[in-house]
Amino acid sequence: MNLDCQHVREVMDSYLSEELSVETNHGFLRHVAQCRDCTAELRRRRRLRALLSETLDVAVDADRVRARIAHAMDRELRSWVRVVRLGAVAATLVAAVAVAYWAGRRVDAAAYDDSAEDHIACALTYPDGTAYDKVRAAQNLESPFEHIVDAVGLSHGLYHVIDAHMCPYKGRNYAHVVIRGDGQTLSLFAERAERGALPATPTTVLAGDTLDVHATTRLGYRISAVATRDHRLFLVSERPIDPPDLAQDILRSAVRFIRGLEN
Amino acid sequence: MFGISHQRREEFDRAALVHIPELLRVASRLCGGADAGEDLLQETYLQAWRSFHRFEAGTNCRAWLYKILLFTYSAQNRKRARQPFLVDLDAAGETALLVDAPTPDTLTAEAVKAAFDCLPENFRTLVVLVDVEGLTYREAAAALHVPVGTVMSRLNRGRGLLRLELARHAPASSSGAPSGMDLSRQRRARS
């Protein structure tokens with residue numbers, strides 16, 4: 001390839017940067033070998049590059065800068081570790097709150113069964129003609145349930161309290177009020193709510209006081225249950241109580257007493 | 001997490017920190033001083049460290065670092081000067097003049113420095129990368145994220161402009177450049 005001076009000047013810097021194709025490179029060198037002006041220009045441009053490097057040379061201390069960068073990276077890494085640790089603490093707290101919330105909402109699946117079983121094992125064993133003995137009841141009840149019979153009332157229509165006592169059953173400690181009348185025996189149990197929430201959704205009953213009553217049938221017995229802040233109450237009967245308001249009255253009286261204990 | 005970070009850190013040290021001397025030189029040259037260069041390099045390495053998970057092991061870490069360095073440099077300059085300095089080289093037929101501009105016979109370090117300082121930033125960057133640091137056109141294009149043709153075109157203009165500015169700064173007797181080539185004055189007159 002034959003190059004003229006104009007072309008050689010145009011590609012001269014690319015030659016210095018070793019960016020020319022082999023063919024152009026040969027043409028370039030052939031021209032420069034014969035052209036004094038272009039040889040001189042090539043020398044000047046080489047000198048310019050050398051001077052440029054020299055002029056722009058800045059005294060640098062790479063080791064010091066390396067240490068400075070490493071230090072900045074360590075600082076950044078530490079700050080990230082701090083963020084991660086804080087995040088872990090926050091996550092743990094959230095998990096703890098969630099567990100506490102879940103634990104607080106755990107369900108006492110045996111609540112209804114146990115009340116029905118204790119009714120059979122205890123209330124149904126009272127002989128006919130048993131009458132309420134205030135002294136016996138006072139001896140057998142424990143704090144804070146000593147006055148539960150006074151609160152519930154000794155008589156509700158055809159139904160009368162025949163006994164009251166603390167009734168341990170399967171690890172529970174019921175305050176058990178036994179009521180008899182109209183050819184059946186009722187049990188009113190009160191206990192601290194230590195085993196979780198009552199199963200199933202309650203039905204709200206509005207009659208004077210608002211009661212959320214869980215009504216169910218276990219072992220052939222009807223159970224009406226109410227949960228207060230710290231306690232649960234169960235009213236167990238062999239058949240529906242007639243009139244139904246009577247059952248609500250008994251429960252409502254007991255709930256009022258329990259809520260009084262909680263306040 | 002901490003163990004993983006340590007492992008990453010070792011990989012980063014091995015792949016990236018070895019380029020500090022070269023990149024520090026480039027950063028200092030671009031910024032015109034060691035202090036500003038060190039700041040630029042530190043920011044570059046912190047940026048690289050934060051993005052290291054995106055770096056593919058086995059690829060060219062030096063080119064990747066160049067890219068980050070130039071991006072950071074460019075971002076810093078954008079912050080400093082909201083109005084970019086644009087040179088309309090096609091106006092007034094300057095392009096033709098640049099190609100022909102001869103290099104003055106007598107070159108001094110002061111004249112070279114003064115001429116270099118007159119170059120617009122994007123030309124100055126390429127002159128440093130290619131003519132001083134010896135990057136290939138392809139490497140410079142990758143670092144600046146522009147086509148190779150753009151690199152060649154900017155380099156032509158930057159080198160030509162440098163020679164013209166040299167002619168202005170060089171002693172009158174040694175300058176082979178055409179008279180009246182004071183580009184700075186011409187630009188000022190146009191603006």
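Each value in this text was obtained by applying a stated rule to the coordinates, not by laboratory testing. Bear in mind that the values here come from a model prediction, so they are computed numbers and not experimental data. Methodologically, a virtual Cβ is constructed for each residue, glycine included, from the backbone with ideal geometry; neighbour enumeration extends over all protein chains shown.
Dipole magnitude for chain A: computed about the Cα centre from +1 point charges on Lys and Arg Cβ and -1 point charges on Asp and Glu Cβ, it is near 1440 debye. Farthest towards the positive end of the charge dipole of the stretch A:11-161, among the residues A:Thr130, A:Leu51, A:His156, is the Cα of A:Leu51, using unit charges on the Cβ of Lys, Arg, Asp and Glu.
Other protein chain C-beta atoms within 10 Å of residue C-beta, averaged over A:5-14: 3. Relative to the Cα centre, the charge distribution of the stretch A:61-140, modelled as +1 at Lys and Arg Cβ and -1 at Asp and Glu Cβ, gives a dipole magnitude of about 1020 debye. Angle between the Cα long axis of helix A:36-56 and the longest principal axis of chain A, 0 to 90 degrees, nearest 10? In chain A, helix A:36-56 runs at an angle near 40 degrees to the longest axis. Rg and Dmax of the protein assembly as shown, both derived from C-alpha coordinates alone, stand at 47.0, 141 Å. Residues A:Val8, B:Val26, arranged from fewest to most other Cβ atoms within 10 angstrom of their Cβ, appear as A:Val8, B:Val26. Normalised by the number of residues in chain A, the average gap of Cα pairs under 8 Å and 6 or more apart makes the relative contact order 14 percent.
Once both labels are positioned 7 Å from their Cα atoms along Cα-to-Cβ, the gap between A:Asn173 and A:Ile120 label points is 2.7 nm. Estimated at 0.36 nm per residue, the fully extended path between A:Ala110 and A:Ala50 surpasses their Cα-Cα distance by 12.3 nm.
Kirkwood hydrodynamic radius computed over the stretch A:180-252 comes to 12.7 Å, based on all pairs of distinct alpha carbons.
Residues B:Lys113, A:Lys170 in ascending order of nearby Cβ atoms (within 10 Å, fewest first): A:Lys170, B:Lys113. Rounded, prolate or oblate for the stretch A:12-56? Axes are the square roots of the Cα gyration tensor eigenvalues, ordered a ≥ b ≥ c, and the cut-off for rounded is a/c under 1.5. Oblate, since a/c reaches 1.5 and b/c is not below a/b. Dipole check for the protein assembly as shown: with +1 at the C-beta of Lys and Arg, -1 at the C-beta of Asp and Glu, and the Cα centre as origin, the magnitude is about 1880 Debye. Taken along its principal axes, the alpha carbon cloud of the stretch A:1-84 reaches lengths of 69, 27, 16 Å, longest axis first. Here the calculated FRET efficiency for A:Ala72 and A:Glu18, from their Cβ-Cβ distance with R0 = 51 Å, stands at 0.85, rounded to the nearest 0.05.
Size descriptors for the stretch A:31-181: radius of gyration and Dmax over Cα atoms are 46.3, 141 Å.
For the stretch A:152-205, taking the reciprocal of the average inverse distance between every pair of different Cα atoms yields a Kirkwood hydrodynamic radius of 13.0 Å. Pairs of Cα atoms nearer than 8 Å and 6+ residues apart set the relative contact order; for the stretch A:140-198 it is 26 percent.
Entry note: chain A has Rg to Rh equal to 1.81, where both radii use alpha-carbon atoms and Rh is the Kirkwood radius. With r as the distance between the Cβ atoms of A:Ala95 and B:Ser74 and R0 = 45 Å, compute the FRET efficiency 1/(1 + (r/R0)^6) and round to 0.05. Plugging the Cβ-Cβ distance into 1/(1 + (r/R0)^6) gives 0.50.
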